[in-house]
Each structure stands twice: as structure tokens, then as C-alpha cells.
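Values quoted throughout were computed directly from the atomic coordinates according to the rules given, and no laboratory measurement underlies them. Just so it is clear, the structure is predicted and the values come from calculations on it, not from any experiment. Every residue, glycine as well, gets a Cβ built from its backbone with ideal geometry; the counts of neighbours run over all protein chains shown.
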Ligand SMILES: C[S@@+](CC[C@H](N)C(=O)[O-])C[C@H]1O[C@@H](n2cnc3c(N)ncnc32)[C@H](O)[C@@H]1O
């Protein structure tokens with residue numbers, strides 16, 4: 001299929017472990033493919049949060065366990081991450097996670113509706129080389145997609161450990177004017193990529209914004 005967006009991720013081959021493979025066999029029981037699916041699923045929950053690019057899903061699983069009344073939609077294209085998440089869902093009997101395992105822009109772009117109370121993006125791929133900046137996920141076009149799918153007064157949380165990307169995210173947020181700076185609760189743990197950034201001496205830049 002010809003995708004209308006430039007890929008914002010590197011398709012990693014990565015070996016799939018037995019545990020991940022067993023997890024992936026369960027995908028159809030936990031996957032959602034449209035905003036309409038989400039609208040139906042979220043009826044049983046008080047809120048619906050989306051985490052984009054969950055990686056190995058530590059944040060997603062810890063949030064889902066802490067807030068069983070919230071439906072969490074996890075989006076990731078990386079098969080071993082999806083497999084690990086599915087294995088954890090089965091092992092820990094987590095009931096409030098659903099998965100979209102393709103480019104999130106496919107979901108957000110089609111028949112958008114205001115369904116999410118919160119969207120979380122932790123360390124989107126930084127694409128540090130100048131010629132790759134156009135592949136960065138967060139730009140004005142993407143913020144427009146979020147704007148259309150976040151509920152009134154819904155919030156976004158974005159972090160990055162790349163200063164240049166942080167400047168570009170801030171510019172996109174300010175120019176697009178879909179969201180305003182706000183305060184939300186502190187994040188208690190760091191993700192694998194945030195920890196790697198800290199170990200390599202980089203600062204973590206965080207953005208907490210609310211829908212205008
Ligand atoms: C740098 S990793 C960060 C993973 C995790 N959030 C962390 O901080 O440890 C970025 C992740 O975003 C995923 N990703 C990038 N573009 C995406 C997209 N358009 N839709 C869904 N996931 C995407 C990648 O596959 C990758 O696993």
C-alpha cells in the first residue's frame with residue numbers, strides 16, 4: 001500500500017522471541033483499527049488515553065495497571081514491542097489496553113472524531129540529520145490530526161531528549177495554535193529512551209499542552 005505520509009520510524013528487523021511470538025498470536029483479540037472501534041470500546045471506561053510509539057510499553061503497562069478505569073490505546077509499528085506488550089497483557093491479565101499496530105497517522109487521519117482525553121508521545125524518533133527532519137512525526141500537520149481527535153480540554157504530553165527537535169516541537173505548537181501550555185501531573189518514571197538520553201548527558205524536554 002502506498003502510504004501518504006513519509007515514514008517517521010525505521011522498520012527494525014529485530015529478532016522476535018518465543019514470548020513475543022506467542023504474544024503476537026493474540027493480536028487480533030486486542031487490536032483496534034478505526035476511531036469507530038475506539039468509540040465503542042471506550043463506553044465501558046471513564047476516559048480514553050492514546051500512547052504513540054510505546055516502544056517496550058513500560059509506561060503504557062504501568063499506567064494501565066494504575067488506572068483500570070481508563071482505556072489505553074497503544075500505537076507501535078515495532079513487532080517485537082507489540083509482541084512484548086501482548087505477552088504482558090496476557091501474563092498480568094490487563095483488561096484496559098487495545099493496540100493499533102500501524103502508523104498512527106492512518107488511524108487519526110480517517111474519519112476523525114474527538115475521542116481521546118490525553119495523548120502521550122515519549123521520545124518520538126529524533127531524526128537528527130538535517131536531511132531527515134522532514135520525517136519527524138511532530139509537525140503542524142500532525143498536530144492538526146491530534147487536534148481533531150482530542151476531546152475539548154484534552155491534553156497532550158510530549159517528551160524528547162533532542163534539543164533541536166524540542167525547538168521544532170515548540171515552534172509547531174506555537175505556530176499551529178491548536179494547544180496551549182498547561183500544567184499536568186508529573187511523570188514519575190523515565191522510559192528506556194529517556195534513560196538512554198540522560199545516560200548520554202542529554203536533557204529531557206517536556207511539553208504539556210491543553211486543547212484550545
Ligand atoms: C525512539 S522510540 C521511543 C520508544 C518509547 N516511547 C521510549 O521512550 O522508550 C520511538 C518509537 O515510536 C515508534 N513510532 C515512530 N513513528 C510512529 C508512528 N507513525 N506510529 C506509531 N509508532 C511510531 C517507533 O517504532 C519507535 O518504537
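Looking only at residues in the stretch 39-68 that are out of contact with any strand residue (DSSP E or B) (no Cβ under 7 Å at 6 or more places or on another chain) and in a loop (DSSP other than H, G, I, E, B), the one that is nearest to the ligand (Cβ to nearest atom) is 55. Considered as a group, the residues in the stretch 69-82 that are within 13 Å of the ligand (Cβ to nearest atom) and more than 12 Å from the chain's Cα centre (by Cα) include one that is surrounded by the most Cβ atoms within 10 Å (Cβ to Cβ), and that residue is 82. Residues that are farther than 16 Å from residue 37 by Cα, surrounded by 21 or more Cβ atoms within 10 Å (Cβ to Cβ) and within 14 Å of the ligand (Cβ to nearest atom) within the stretch 87-125 comprise 119, 120, 121, 122, 123, 124, listed in sequence order.
When the stretch 167-199 is filtered for residues that are within 16 Å of the ligand (Cβ to nearest atom), touching a residue at least 12 places away in the same chain (Cβ under 8 Å) and part of a loop (DSSP other than H, G, I, E, B), the ones remaining, listed by number, are 187, 189, 190, 191.
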